[in-house]
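K.L.:
This is the structure, below, for whatever I ask next.
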Amino acid sequence: MKKYYGSVSADLAAVDGRKRLNMDKIMTVLCFVLLMIIVVIPIVMIIYNAFFNEGKLEVEMFVQQVTEKKNLDAMKNTLVIALLTTILGTIMGVFYAWLLGRSDIPAKGLMRALFNIPYMFPPFLGAMAWDMMFNGRSGYINKWLVQLFGLKSMPININSVWGIVFVEVSYYFPFVFMQVVSALERMDPTLEESARISGARQRQVIWKITLPLVKPAISAGALLILTTSLAHFGVPAILGYAKRIYTLPTRIYAVIYNSGGSFDGIRQGAALSVMLVVVVSAALILQNRILAAGSYDIIKGKSMRPTLIKLRGAKLPLFLLAILTLVLIVIVPLVMIVLISFLKAYGLPLELKNFTLDQYKAVFSMGGTIDSIRNSLFVSITAGIICMFLGTLVAYVVQKIKPKGKGALEVISMLPYAIPGTVLSIGVILAWSGRIAGINLYNTIWIILVAYLARYLSFSMKTSSAALLQVHSSLEEASRVCGASHTESLADITLPLIRPAMVSGFFLIFLPAMREVTTSILLYGPHTRTLGVQIYTLRDAGMIPQAAALATVAIGIIIILNTIVTKLTRDRKGV
Amino acid sequence: MANVTFDNITFRYGNNTVLEHFSLDVESGTIVCLVGPSGCGKTTLVRALLGLIKPETGSITVGDRVLFDAKKRINVPAEKRNIGIVFQDYAVWPHMTVLENVSYPLKKQRRPKEEIRQRAMHALEQVHMTEYANHLPNQLSGGQQQRVAIARALVVDSDVLVMDEPITNLDAKLREEMLLEIRMIQKRLNATILYITHDQQSALQLCDKMAIMQQNGTLCQYGSDEEIILHPANRFTFEFIGVSNFIPVVKEPNGMMLDCGDRIPYAGEVPAEAAQGGYELGVRPNDIVFDNTSPLKARVDSRVFLGSEYNYFLSVGQKQIRVQQSMLDARTKGIANEGETVGIRFLNARFYPARKGAETA
């Protein structure tokens, strides 16, 4: 039989014919080009510079870095901290998820809201607060305990691996908590009821039925803790530096910082980055194995009312435990930061006569502070908006146009999700400080923006992708048949339908970008500090009360923004 | 309104051929039901007509307008084809009100505002949905959404209306109502309707003509419903429309035998080609009658009363067959009881080549 056309594709793209450049093709090409610039080039630059020097293969530097004791120690610390954080955070998350999701503990709504706070709270500010209380040399509570009991040395030292683990757990357990709580709520209650009817005791039901059924949710949350902790910079930087406890991300920062930003330093950082990426990838592969082993489809989309388990005598103690946990991980650090921000000087006793508003005045009369807030707002909003559109574009190409190589497109856009912020920064430095086409963005705000784009693109792509999957292709086809051109049907049907998801994708980027420190700490220049960097450098310079004052302001901004976002997204639910 | 001609349409997804040299001519002002098992290419054909996919060969013509021609490289884009469609899943836009949904095709034709409103309300009237004009689709039931989809297809004077399984999601009573409604609309507008379904019952109720499609994407038979039921062109049509019994036949020295585990002599006429072996006898349950004078005996396994008929399972040798006895027949000749042995006669036996590897019962 004679073939009239080279290939027959079975989607809307084919409808516009092949006569001229159509919109689908433009979008597809645009996607590839932008992802190439934003994601691929930095990553390629890291790998290239880790192994090549001035165009020649040179493995000695890499081997030397990877075998150096300091770096191996850092790797060991990274793994130990991440594993301990994951295990403890998962246990804590599952326990409280069960308590709030399945038991008759009082004040559930309020507690659930409070348990989500650590999720939006920047962990490095928490680390600052805990350092103020339990620093091995000068922690306020440490000193107070020494006085009270006449101890010879400080009883608790937060500047240790266990201290780092403690702080990370208290900010990362919500990853598991949120996943599991929603899985528990969507679980069909008859599954547990039939176990009871078959003669199982309450305890057996929990262990043999409930927990195995929410296992996928648990491991998904645990992976999130693991990868986040492996890549995390803030907490180990604040708590570990004093005692020279390094993790890979802080070690990378130290190497570059100590070399004064020289090319050799950056190359060493690139070598360490490769090491870190290998560790994170191994974790991701491991997780894939575990998740693939057990997946259940028993958890249904529609909500059902699960049977609540009566705690009886344990009700009051467990309630108090939950309250105590909340106070410890949410309220105590917050109060501590606010208190310190009012101190005339760090180290003075926390008494009313030592309180002043001078630190706030000082912070805001400093040139950099207002700039840093403005910078953060600018890069967060810009990155949010660009990612919102770019993520939607990639999602549309992957979900609806389905060109050849859509798999590659998807992988590329999700890649930065698995790549630690520190690593990404190095890639961006290597790529955009004059080595490619003479483009030099170093020390400008644009280099931070480019890094944020790469880092957060997957967030908006995920939400838009999920929304596009909900938009059945027949909706767009119906509008075509009703007389709308391809562009018109995009504008009239598809975009309005995914607009809520696009907006929430924006906030999903804007909020974390506002408090970001990991990426920008390596990229900031004299005039391009972000809010996070400004707090970090103030503290690093020993101006702890001023850092606390700015942190208080930052927390205020975050709380206000979060409230606005919750209001906005709630109003949009109907669509 | 216009006639629709598919000529020699071939379409593949990769190596998977969905339609092969498919031709069909739908006359103007008729309802043609396209019937076939799931996955036979019905929806693909419709999508080719709508311009949502591009066939490899052939042409599609509506009236005197060529919408697609592979040789002449004509491919009118979907938005310019002027065909009304009711999608299987309605495809009612969830972010627009009922009125906005129905107005949309007119808006795309850049009609004056007043005319749009008038015609949209008129279309809603036709499907009895005027009072829901300002509702959002998520406030409507499935049946109501479906009627919105029909109104949206009716609102412009399309050359052809296509309905892709439009009523499968409705309950039995509403389904009946909608079928009548579709018939009424067709009469009023003298519309050409291409109605896609795998449900032969509604097809029989609705159509002027039926087109039976086979699994491999070819047209099996095209004709009036009587023709298709009474004179099935081949085994596929016979089996697909209605219930059927199949018994293998073999030729032995002393005459034709039914192979039911045991060999049982068959006295009826057998065409010459069927006598050569590899053939099966096919008979509909309502073409089997009880007749104790017949030499062919069967045992009654079970009997169920279905309101307008009796449904039996009989054993002929090792083979179980299904028999339907109409009320009239039951009244005049009496019913058979479970466990009894009865004589049976095949009224309208057909002979088809046996299908390889398939269990026929």
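The values are calculated or read from the model by the stated rules, or taken from the named source; none is laboratory data. Not measured: the values here are computed from a predicted model. Ideal geometry is used to build each Cβ from the backbone, glycine not excepted, and the neighbour counts take in all protein chains shown.
K.L.:
Starting from residues that are among the hydroxyl-bearing types (Ser, Thr, Tyr) and within 29 Å of A:ALA484 (Cβ to Cβ), keep the ones in region B:31-63 and report whichever is nearest to the other protein chains (Cβ to nearest Cβ).
P.N.:
Only one residue tops the list, namely B:THR57.
K.L.:
Do any residues in region A:56-67 that are in contact (Cβ under 8 Å) with a residue 40 or more places away in the chain have Cβ atoms under 8 Å from those of residues that are of a type in the set (Val, Ile, Thr), where the two are at least six apart or on different chains, and which pairs are they?
P.N.:
A:PHE62/A:VAL274
K.L.:
Right, something else. State the number of residues belonging to region A:33-69 that are touching a helix residue (DSSP H, G or I) at 6+ places or on another chain (Cβ under 7 Å) and either of a type in the set (Ser, Thr, Tyr) or assigned to a helix (DSSP H, G or I) (or both).
P.N.:
So the count comes out to 18.
K.L.:
Also: For the structure I just gave you, tell me whether A:VAL398 is among the β-branched types (Val, Ile, Thr) and more than 18 Å from A:LEU511 (Cβ to Cβ).
P.N.:
On the way: among the β-branched types (Val, Ile, Thr): yes; more than 18 Å from A:LEU511 (Cβ to Cβ): yes.
Answer is yes for this residue.
K.L.:
Now for a different question. Going through region B:8-25 one residue at a time, which ones are outside any loop (DSSP other than H, G, I, E, B), facing chain A (nearest Cβ under 10 Å) and not basic (Lys, Arg)?
P.N.:
B:THR10, B:PHE11, B:TYR13, B:VAL18, B:GLU20, B:HIS21
K.L.:
I'd like to verify a number: residues in region A:317-331 that are farther than 12 Å from A:PRO118 by Cβ and surrounded by fewer than 18 Cβ atoms within 10 Å (Cβ to Cβ), how many?
P.N.:
8
K.L.:
Taking the options B:SER38, B:SER28, name whichever one is at pLDDT below 85 and in a loop (DSSP other than H, G, I, E, B).
P.N.:
B:SER38
K.L.:
Would you pick out the residues in region B:15-35 that are in contact with a Gly (Cβ under 9 Å, 6 or more places away or on another chain) and either surrounded by fewer than 17 Cβ atoms within 10 Å (Cβ to Cβ) or of a type in the set (Gly, Ala, Ser) (or both)?
P.N.:
Correct list: B:THR17, B:HIS21, B:SER23, B:SER28.
K.L.:
Does A:ALA451 satisfy being in the same structural domain as A:TYR524 (by TED's automatic domain parsing), of a type outside the set (Asp, Glu) and under 16 Å from A:THR518 (Cβ atoms)?
P.N.:
When the stated conditions are applied, A:ALA451 passes them.
K.L.:
Hey, another quick one. Examine region B:288-301 for a residue that is in a strand (DSSP E or B) and free of Cβ contacts under 8 Å to residues at least 40 places away in the same chain, and state whether such a residue exists.
P.N.:
Checking region B:288-301: at least one residue is in a strand (DSSP E or B) and free of Cβ contacts under 8 Å to residues at least 40 places away in the same chain.
K.L.:
May I pose another question? Considering only residues that are within 32 Å of the chain's Cα centre (by Cα) and within 7 Å of chain A (Cβ to nearest Cβ), look in region B:102-112 and name the one that is nearest to A:THR494 (Cα to Cα).
P.N.:
Looking at the filtered set, the residue picked out is B:TYR104.
K.L.:
Kindly evaluate B:THR5 against the criterion of being hydroxyl-bearing (Ser, Thr, Tyr), in contact with a Ser or Thr (Cβ under 6 Å, 6 or more places away or on another chain), outside any loop (DSSP other than H, G, I, E, B) and surrounded by fewer than 23 Cβ atoms within 10 Å (Cβ to Cβ).
P.N.:
Yes; evaluated as a whole, the condition is true for this residue.
K.L.:
Criterion first (under 25 Å from the mean Cα position of the chain (by Cα), in a strand (DSSP E or B) and not small (Gly, Ala, Ser)) does B:VAL66 satisfy it?
P.N.:
Here the answer is no, as B:VAL66 does not meet what is asked.
K.L.:
Let me ask something else about it. Is at least one residue of region A:516-535 aliphatic (A, V, I, L, M), surrounded by fewer than 22 Cβ atoms within 10 Å (Cβ to Cβ) and either closer than 25 Å to A:ALA231 by Cα or away from every other protein chain (no Cβ under 14 Å) (or both)?
P.N.:
No, because not a single residue in region A:516-535 is aliphatic (A, V, I, L, M), surrounded by fewer than 22 Cβ atoms within 10 Å (Cβ to Cβ) and either closer than 25 Å to A:ALA231 by Cα or away from every other protein chain (no Cβ under 14 Å) (or both).
K.L.:
Looking at region B:118-156, which of the residues that are polar (S, T, N, Q) and farther than 22 Å from B:ARG175 by Cα is surrounded by the most Cβ atoms within 10 Å (Cβ to Cβ)?
P.N.:
Here is the first cut: in region B:118-156, the residues polar (S, T, N, Q) are B:118, B:126, B:130, B:134, B:138-139, B:141, B:144-146.
Going one step further and asking which of them are farther than 22 Å from B:ARG175 by Cα, we end up with B:118, B:134.
Values: B:GLN118: 13, B:ASN134: 10.
Result: B:GLN118.
K.L.:
While we're on this one: Between residues in region A:409-438 that are small (Gly, Ala, Ser) and residues that are part of a helix (DSSP H, G or I) and modelled with pLDDT under 80, which pairs lie under 7 Å by C-beta distance while being six or more apart or on different chains?
P.N.:
From region A:409-438, the pairs are A:ALA418/A:LEU284.
K.L.:
Same structure again: Of the residues B:VAL250, B:VAL243, only one is surrounded by 13 or more Cβ atoms within 10 Å (Cβ to Cβ), in contact (Cβ under 8 Å) with a residue 24 or more places away in the chain and of a type in the set (A, V, I, L, M); which?
P.N.:
B:VAL250
K.L.:
Another one. Specify the residue that is surrounded by the most Cβ atoms within 10 Å (Cβ to Cβ); the eligible residues are those in region B:54-63 that are out of contact with any Asp or Glu (no Cβ under 7 Å at 6 or more places or on another chain) and more than 10 Å from B:THR5 (Cα to Cα). Write out each step before concluding.
P.N.:
From region B:54-63, those out of contact with any Asp or Glu (no Cβ under 7 Å at 6 or more places or on another chain) are B:54-57, B:60-61; that's our starting set.
Applying the additional criterion that residues be more than 10 Å from B:THR5 (Cα to Cα) yields B:54-57.
On the way: B:LYS54: 20, B:PRO55: 27, B:GLU56: 19, B:THR57: 21.
This residue is B:PRO55.
K.L.:
Related question: Which members of region A:491-500 meet the condition of being surrounded by fewer than 20 Cβ atoms within 10 Å (Cβ to Cβ) and within 14 Å of A:VAL397 (Cβ to Cβ)?
P.N.:
none
K.L.:
On the given criteria, is A:ILE370 closer than 21 Å to A:VAL40 by Cα and among the aliphatic types (A, V, I, L, M)?
P.N.:
No, not satisfied.
K.L.:
Considering only residues of region A:87-115 that are assigned to a helix (DSSP H, G or I) and of a type in the set (Val, Ile, Thr), which is farthest from A:ALA314 (Cα to Cα)?
P.N.:
Among those residues, the one meeting the criterion is A:ILE87.
K.L.:
Of all residues being hydrophobic (A, V, I, L, M, F, W, C) and facing another protein chain (nearest Cβ under 9 Å) in region B:72-96, which is surrounded by the fewest Cβ atoms within 10 Å (Cβ to Cβ)? Just the residue, please. Explain how you work it out, then say what you get.
P.N.:
Initial filter on region B:72-96 (hydrophobic (A, V, I, L, M, F, W, C)): B:74, B:76, B:78, B:83, B:85-87, B:91-93, B:96.
Subsequent filtering for residues that are facing another protein chain (nearest Cβ under 9 Å) retains B:78, B:83, B:85, B:87, B:91-93, B:96.
Values: B:ALA78: 28, B:ILE83: 23, B:ILE85: 30, B:PHE87: 24, B:ALA91: 25, B:VAL92: 25, B:TRP93: 24, B:MET96: 18.
Looking at residues that are hydrophobic (A, V, I, L, M, F, W, C) and facing another protein chain (nearest Cβ under 9 Å), I get B:MET96.
K.L.:
Moving on to the next point. Filter region A:542-571 down to residues that are modelled with pLDDT under 85 and small (Gly, Ala, Ser), then give me how many there are.
P.N.:
1
K.L.:
Considering only residues that are touching a residue at least 24 places away in the same chain (Cβ under 8 Å) and among the aliphatic types (A, V, I, L, M), which ones fall in region A:126-143?
P.N.:
Passing the criteria: A:ALA127, A:MET128, A:ALA129, A:MET132, A:MET133.
K.L.:
Based on what the data block shows, is B:ARG152 among the basic types (Lys, Arg), closer than 16 Å to A:ALA478 by Cα, in a helix (DSSP H, G or I) and at pLDDT 90 or above? Show your work before the answer.
P.N.:
Working: among the basic types (Lys, Arg): yes; closer than 16 Å to A:ALA478 by Cα: yes; in a helix (DSSP H, G or I): yes; at pLDDT 90 or above: yes.
Yes; evaluated as a whole, the condition is true for this residue.
K.L.:
Condition check: over 29 Å from the mean Cα position of the chain (by Cα), acidic (Asp, Glu) and under 20 Å from A:SER479 (Cβ atoms). Does B:GLU131 satisfy that?
P.N.:
So B:GLU131 does not fit the description; no.
K.L.:
Moving on to the next point. Mind listing just one residue for me: the one in region B:162-172 that is surrounded by fewer than 24 Cβ atoms within 10 Å (Cβ to Cβ) and at pLDDT 80 or above and, of those, farthest from B:GLN118 (Cα to Cα)?
P.N.:
Checking each candidate, the answer is B:GLU165.
K.L.:
Let me ask another. Determine whether B:LEU99 is under 20 Å from A:ALA484 (Cα atoms), without any contact (Cβ under 8 Å) to a residue 40 or more places away in the chain, more than 9 Å from chain A (Cβ to nearest Cβ) and touching a helix residue (DSSP H, G or I) at 6+ places or on another chain (Cβ under 7 Å). Lay out the reasoning, then the answer.
P.N.:
Working: under 20 Å from A:ALA484 (Cα atoms): yes; without any contact (Cβ under 8 Å) to a residue 40 or more places away in the chain: yes; more than 9 Å from chain A (Cβ to nearest Cβ): yes; touching a helix residue (DSSP H, G or I) at 6+ places or on another chain (Cβ under 7 Å): yes.
Judged against the criteria, B:LEU99 is a match.
K.L.:
Another one. Would you point out the residue of region A:472-487, among those that are more than 7 Å from chain B (Cβ to nearest Cβ) and surrounded by fewer than 21 Cβ atoms within 10 Å (Cβ to Cβ), that is nearest to the chain's Cα centre (by Cα)?
P.N.:
Within region A:472-487, the match that is nearest to the chain's Cα centre (by Cα) is A:SER473.
K.L.:
Looking at B:MET210, B:MET256, can you tell me which residue is in a strand (DSSP E or B) and modelled with pLDDT under 85?
P.N.:
B:MET256
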